[in-house]
Amino acid sequence: MLDGIKSWMAMEIVSPAMFLYAFIKSPLSPSPIPFSPSDPHVLLAALYLIHYANRAILSPLRTPSRSKSHLSVAISGVAFNILNGSLMGAYLSSPAARAYLVGAWTRPLFLVGVALWAAGFVGNIVHDEILLDIRRKARVDKGKQPEGQKKQEHYAIPYGLLYKYLSFPNYFCEWVEWFGFALAASPLPTISLSALSLGSLMDGIFRPANIFWPSLTPPWLFFVNEIAVMLPRAIRGYHWYHDKFGDSYPKERKAVIPFVL
């Protein structure tokens, strides 16, 4: 078992490090291309790094406590971040991304995507702060317990903002953030239904992804992974809240998508 905060910082810092390396090296470009601060892909690179500056450094430093983490969790996190950071950096510096982003400053989808990224980023932080305040209060309460009394874990129902509608608004806001990023950085992915119809559904799913999802670029792949990893966690957490607090837990709250799920 590893220290929760230190292991989190160690595994999350891998993503921006690999992103920067791939972005600067630009492995998909035949020759180095100079960067300009006004280039749309440079802005997108900055957004990626801002997210991970908060996720890998600022957020854990604001966290009063975090449960210990198993070594396997840290290893899997590092492996994912090596792949994701490298793919995102290589894509954003690639000729394909640069060609797509020509004229992006006048393209509505680019501007809407950047705005969604900003809204999701801020929403993720403010809802995380509500949870951190619960931990901070718990830490103060534990410090007031009489010496020798067994310390009890403190759990509370979070309130405020999107917590009125969701059990995990921080997850939802992170999805909005990376959906906006993908919308700004890459064309909408298309699915080839004909590839799936060539055999059974399972045969289609286990074919190489470029057959049935030929335009799935790293920004969209990251967004899909976010949902695949976080949705089951949100549903489990939603049921945990109901088991823990029973009838006192707000019945109008959904798990992670307002009014839907």
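The values are calculated or read from the model by the stated rules, or taken from the named source; none is laboratory data. Note that the coordinates shown come from a computational prediction; the quantities given were computed from them, not determined experimentally. All Cβ positions, glycine included, derive from the backbone under ideal geometry; neighbour counts span all protein chains shown. In case anyone asks, the SASA skips ligands and DNA or RNA and just uses the protein heavy atoms, side chains included. Shrake-Rupley method; radii C 1.70, N 1.55, O 1.52, S 1.80 Å.
Observations on the model:
- Flag if LEU20 is under 18 Å from ALA104 (Cβ atoms), modelled with pLDDT of 95 or more and not acidic (Asp, Glu): no
- Every pair of residues 6+ apart whose Cβ atoms lie under 7 Å, when the first sits in the range 1-28 and is of a type in the set (S, T, N, Q) while the second is assigned to a loop (DSSP other than H, G, I, E, B) and surrounded by fewer than 21 Cβ atoms within 10 Å (Cβ to Cβ): SER26/PRO32; SER26/ILE33
- Index of the failed condition, SER69 passing every other in (1) modelled with pLDDT under 95; (2) closer than 20 Å to PRO37 by Cβ; (3) of a type outside the set (Lys, Arg): (2)
- Matching option when the condition is more than 27 Å from CYS173 (Cβ to Cβ), at pLDDT 90 or above and among the small types (Gly, Ala, Ser), among SER36, SER26, SER31: SER26
- In the set (1) touching a residue at least 12 places away in the same chain (Cβ under 8 Å); (2) over 18 Å from TRP117 (Cα atoms); (3) open to solvent by 20 Å² or more (accessible area, probe 1.4 Å), the condition left unmet by SER72 is number (1).
- Verdict on PRO187 being at pLDDT below 95, assigned to a loop (DSSP other than H, G, I, E, B) and under 20 Å from ALA115 (Cα atoms): yes
- Within the range 29-39, the residues that satisfy the criterion of being free of Cβ contacts under 8 Å to residues at least 24 places away in the same chain and of a type in the set (Ser, Thr, Tyr) are SER31, SER36, SER38.
- Criterion (in a helix (DSSP H, G or I), open to solvent by less than 80 Å² (accessible area, probe 1.4 Å) and in contact with a Lys or Arg (Cβ under 7 Å, 6 or more places away or on another chain)) met by exactly one of HIS41, HIS51: HIS41
- Scanning the range 1-56 for residues that are touching a strand residue (DSSP E or B) at 6+ places or on another chain (Cβ under 7 Å) and among the small types (Gly, Ala, Ser) gives GLY4, SER7.
- Residue count for the range 77-114, restricted to those that are within 15 Å of ALA182 (Cα to Cα), open to solvent by 10 Å² or more (accessible area, probe 1.4 Å), of a type outside the set (A, V, I, L, M) and in a helix (DSSP H, G or I): 5
- Restricting ILE33, ILE57 to those that are assigned to a helix (DSSP H, G or I) and open to solvent by 40 Å² or more (accessible area, probe 1.4 Å) reduces the list to ILE57.
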